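Presented below is the structure to which this report refers.
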Amino acid sequence: MHEYSYTNNVLTGEGVELRAVAQEFGTPLYVYSKQSLLDHCRHIERAFEGHPHVTYYAAKANANRRLLRLIAGEGLGADVGSRGELYLALESGFPPDRITYSGVGKRDDEIAYALQRGIHAFNVESVEELDIIDQIAARTGTRARILLRVNLDIDAGGHAYVSTSLRQNKFGIARQQVASVLRGASALPHIEVRGIHSHIGSQIIRGETFLRAAEALVAMVRELRAAGIPVHDVDFGGGFGVQYRGYVSHPLLPVEEPEEMNLSASSLIKAVLPMLRETECRIAIQPGRSIIAHAGVLLVKALYRKEMEGKVFLVVDGGMNDLIRPSLYHSYHQIVPLVVEERSHETVDVVGPLCESGDFFALDRAMPRVQRGEYLALMCAGAYGYVLSSNYNARVRAAEVLIDGSRVEVIRNRETIEQL
Ligand code: LLP
């Protein structure tokens, strides 16, 4: 599971020195550990203790083809949110009947493509979308399996931008309308109603939140059946929080306390599974972050150490265009030097090269005093890292490499300026 650690004061991934990887492939660089990815997939699958289910990996967390292929190889399915993700999932070996399609804004061509490829189901977000799927299925001579996404109106905590199940969020159908919408859906000739779906948010770190969601879903299945509406599938979504703070430690680094969280993906599955099993439905989940976050790190190089009126800025060669999470959600990523040695600590802002004050990786962070030319790792950057990167300021997207034992393989070339 935990493939990154210090060996003789040098940060390694699967035993490979990351400093050598940074020197060979340049920075900014996304590095992934194959073993960590496989372990996280297996950890989640084992938590089901043999109970039939499907884990749909949320491809939006990281859609690198090589990583998708590894996940497909573990027997997981995929949840996609666009035609591009569906294409990548199919190309990477996910069988169509192990693919679901979520999202509030599915375009007509996207729906037609998914129908034509025979995916398992659409997670539907509105009445209008249902009608459109029915019409497109009629036109293409197919029948669409659907789950209705329910807005449970549960406060999942965390950053407002990643909360998805509050009444004011754009997602899902209000609880009170679910029965009538499903009844209407069953009457549509080209729709096959499979069940209900909920995804309450992301980076949720309190187990109770999921227990409440599971209770609400199970109660809803019961009510729907009592009203004569069959329910075959329950998809519980993703959102399982992961540890970001204090992921690696070393006696010469400032102590970083892990965040207070009372769940791991597997403990959570074990807690909610008995409830979901009561429904005797086909059970599914859609984790993204908890599969890929810990497998990846972003390596950057220190360019300048700048002091201004008592404040220290550490300017590095990666920015919000490479990893936007700190700027967008004030997310925390542990930042550590690839080589530790005895030196003083100081409080710094770790900032990128872009022309925005919002371009930072950390504010007021205790760090060892870093010199120009040193490499740093932003830990737990495997999820929502590369996929959210951009060409802002006409900067090229980073390269991605995969550590597999002692081998390091380029799994995406660095963009070139000619490609801009
Ligand atoms: N299912 C659906 C329908 C989703 O929208 C998402 C994520 C997932 C599953 C997977 O959630 P996860 O297990 O990864 O939490 N960019 C933000 C996170 C956005 C999540 C969007 N939806 C971040 O960097 O924190």
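The values are calculated or read from the model by the stated rules, or taken from the named source; none is laboratory data. Owing to the predicted nature of the structure, the values given are computational and were not obtained by experimental measurement. All Cβ positions, even for glycine, are placed from backbone atoms using ideal geometry, and neighbour counts span all protein chains on display. Only protein heavy atoms, including side chains, enter the accessible area calculation; ligands, DNA and RNA are left aside. Shrake-Rupley method; radii C 1.70, N 1.55, O 1.52, S 1.80 Å.
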Which count do you get for residues in the stretch 362-420 that are surrounded by 18 or more Cβ atoms within 10 Å (Cβ to Cβ) and of a type in the set (S, T, Y)? 4
For the stretch 95-132, how many residues are within 16 Å of the ligand (Cβ to nearest atom), within 21 Å of E74 (Cα to Cα) and either out of contact with any Lys or Arg (no Cβ under 9 Å at 6 or more places or on another chain) or not hydrophobic (A, V, I, L, M, F, W, C) (or both)? 4
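Looking at this structure, is V255 open to solvent by less than 40 Å² (accessible area, probe 1.4 Å) and β-branched (V, I, T)?
Taking the combined requirement at face value, the residue does not satisfy it.
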Could you list all residues from the stretch 52-74 that are within 16 Å of the ligand (Cβ to nearest atom), in contact with a Gly (Cβ under 6 Å, 6 or more places away or on another chain) and aliphatic (A, V, I, L, M)? V54, A58, A61
Check off (1) open to solvent by 40 Å² or more (accessible area, probe 1.4 Å); (2) hydroxyl-bearing (S, T, Y); (3) in a helix (DSSP H, G or I) for S290 and give me the number that stays unchecked. (1)
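For the subset of the stretch 240-280 comprising residues that are of a type in the set (K, R) and within 23 Å of the chain's Cα centre (by Cα), which member is farthest from D39 (Cα to Cα)?
The first filter runs over the stretch 240-280 and keeps only residues of a type in the set (K, R), leaving 245, 270, 277.
Checking which are within 23 Å of the chain's Cα centre (by Cα) leaves us with 245, 270.
On the way: R245: 20, K270: 17 Å.
It comes out as R245.
Could you tell me whether any residue of the stretch 235-242 is within 27 Å of A61 (Cα to Cα), among the hydrophobic types (A, V, I, L, M, F, W, C), in contact (Cβ under 8 Å) with a residue 40 or more places away in the chain and touching a Cys at 6+ places or on another chain (Cβ under 9 Å)?
yes
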Residue under evaluation L86, criteria (1) surrounded by fewer than 17 Cβ atoms within 10 Å (Cβ to Cβ); (2) more than 13 Å from the ligand (Cβ to nearest atom); (3) not small (G, A, S), criterion not met: (1)
Would you please list the contacts, defined by Cβ atoms under 9 Å and residues six or more apart or on different chains, that run from a residue in the stretch 108-130 that is on the phi > 0 side of the Ramachandran plot to a residue that is modelled with pLDDT of 95 or more and more than 16 Å from the ligand (Cβ to nearest atom)? G118/P96; G118/D97; G118/T142
Go through the residues of the stretch 340-352 one by one and say whether even a single one is of a type in the set (S, T, Y) and in a loop (DSSP other than H, G, I, E, B). yes
Being touching a residue at least 40 places away in the same chain (Cβ under 8 Å), more than 16 Å from the ligand (Cβ to nearest atom) and within 25 Å of R98 (Cα to Cα) is the requirement here; does I283 meet it? no
Quick one: how many residues across the stretch 316-347 are of a type outside the set (F, W, Y), surrounded by fewer than 17 Cβ atoms within 10 Å (Cβ to Cβ) and within 27 Å of N391 (Cα to Cα)? 2
Report whether or not F313 is assigned to a strand (DSSP E or B) and within 16 Å of the ligand (Cβ to nearest atom). no
Per the filter on the stretch 214-230, residues farther than 17 Å from L182 by Cα and either among the basic types (K, R) or buried (at least 19 other Cβ atoms within 10 Å of the Cβ) (or both) are A214
Within the stretch 28-60, the count of residues that are under 26 Å from V300 (Cβ atoms) and either free of Cβ contacts under 8 Å to residues at least 12 places away in the same chain or assigned to a helix (DSSP H, G or I) (or both) comes to 8
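Quick check on this structure: which one of M275, M261 is surrounded by fewer than 21 Cβ atoms within 10 Å (Cβ to Cβ) and either away from the ligand (no atom under 16 Å from the Cβ) or within 13 Å of H197 (Cα to Cα) (or both)? Outline the logic, then answer.
Values: M261 fails: either away from the ligand (no atom under 16 Å from the Cβ) or within 13 Å of H197 (Cα to Cα) (or both).
Exactly one of M275, M261 is surrounded by fewer than 21 Cβ atoms within 10 Å (Cβ to Cβ) and either away from the ligand (no atom under 16 Å from the Cβ) or within 13 Å of H197 (Cα to Cα) (or both), namely M275.
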